[in-house]
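**Student:** Would you mind keeping the following structure in view while I ask a few things?
Every read-out reported here was derived from the displayed coordinates using simple, explicitly stated rules and does not represent laboratory data. All of these numbers come straight from a predicted model, not from anything done at the bench. Neighbour counts run over all protein chains shown; Cβ positions are idealised from the backbone, glycine included.
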Amino acid sequence: MTKIQKPANTSVPISDLLANRWSPRVYDPTHEITKEQVLRLAEAARWAASGNNAQPWRFGFALRGEELFESISTVGLTGFNATWAPHASLYVLAFADKFKADGTELDRNSAYFNNALATSQIVFEAEAMGLKAHYMGGVIHDEILKLVGIEDAWLTCVITIGLQGDASNVSDELKQREATPRERKALSEVVITKL
Ligand SMILES: Cc1cc2nc3c(=O)[nH]c(=O)nc-3n(C[C@H](O)[C@H](O)[C@H](O)COP(=O)(O)O)c2cc1C
């Protein structure tokens, strides 16, 4: 049984939760997430910060085995995502509202930015629960919006969540991607002021 860990090789220490999060593609296809765990993820998102506390986000949750999950697996994923994502226990569908409560249009950049904060809380809550999460932008937006029947929001991403699986018994391509080291720009490249 090989469960790959990829702690961030940081130049200064950061919290374990942040350092240990990474985006695996090998999930245990027998693991099932409970409704209580899904509610905990939704609650984590609900308490994200947002401009004017507008909370311009909504989430859909599709558990493996449910019709929505299977439909997304069949028609909603692009490229390599279609090969590994269906082994996850859960798809989180993240939507950014197009309209405010009073019906006026929301700025897309602002709605996406707020949405990213809430999705990030889901990902870290999953990590705190001993699960692993992986964002996917490579999804077929129109198909997924059609499946859930939503017209007044943008689909920003789908997040896979599940229990990390055995990486010794997967295709060579998956094995190789799973083993690829996590790399980042140097701290000096992203900090633009003198420290
Ligand atoms: C908005 C967004 C979209 C992403 N889309 C995909 C995707 O479609 N497929 C995929 O395999 N990984 C996807 N990723 C995962 C990134 O490739 C990954 O986070 C990045 O390489 C850094 O690796 P790490 O998360 O393991 O640190 C996405 C990540 C983000 C934040």
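**Student:** Tell me the mean residue ellipticity at 222 nm calculated for the chain from its helices only (DSSP H runs of n ≥ 4, each -39500 (n - 2.57), averaged over every residue, nearest 500).
**Tutor:** Rounded to the nearest 500, the figure is -10000 deg cm²/dmol.
**Student:** With a/c under 1.5 counting as rounded, go ahead and sort the range 134-186 into rounded, prolate or oblate using the C-alpha gyration tensor (a ≥ b ≥ c being the square roots of the eigenvalues; past the cut-off, prolate if a/b is larger than b/c, else oblate). Please list the in-between numbers first.
**Tutor:** On the way: a/c = 3.05, a/b = 1.89, b/c = 1.61.
It is prolate, given that a/c is not under 1.5 and a/b is the larger ratio.
**Student:** Can you give the longest run of the chain that contains no chymotrypsin sites (Phe, Trp or Tyr not before Pro) sitting in a DSSP loop with at most 14 other Cβ atoms inside 10 Å?
**Tutor:** 81-195
**Student:** Within the chain, how many Lys pairs that are eight or more residues apart, or on different chains, come under 21 Å at the alpha-carbon?
**Tutor:** Total qualifying Lys-Lys pairs in the chain comes to 9.
**Student:** So, one more: Give me Rg/Rg_expected for the chain, where Rg uses Cα atoms only and Rg_expected = 2.2 N^0.38 Å with N residues.
**Tutor:** Expressed relative to 2.2 N^0.38 Å, the Cα Rg reads 1.07.
**Student:** Now for a separate question. Using every Cα-Cα pair within the range 30-85, state what percent have a distance larger than 16 Å.
**Tutor:** 59 percent
**Student:** Let me ask something additional. With a Förster radius of 45 Å, plug the Cβ-Cβ distance of residue 142 and residue 193 into 1/(1 + (r/R0)^6) and report the FRET value to the nearest 0.05.
**Tutor:** Numbers: r = 42 Å, r/R0 = 0.94.
For residue 142 and residue 193, the calculated efficiency is 0.60.
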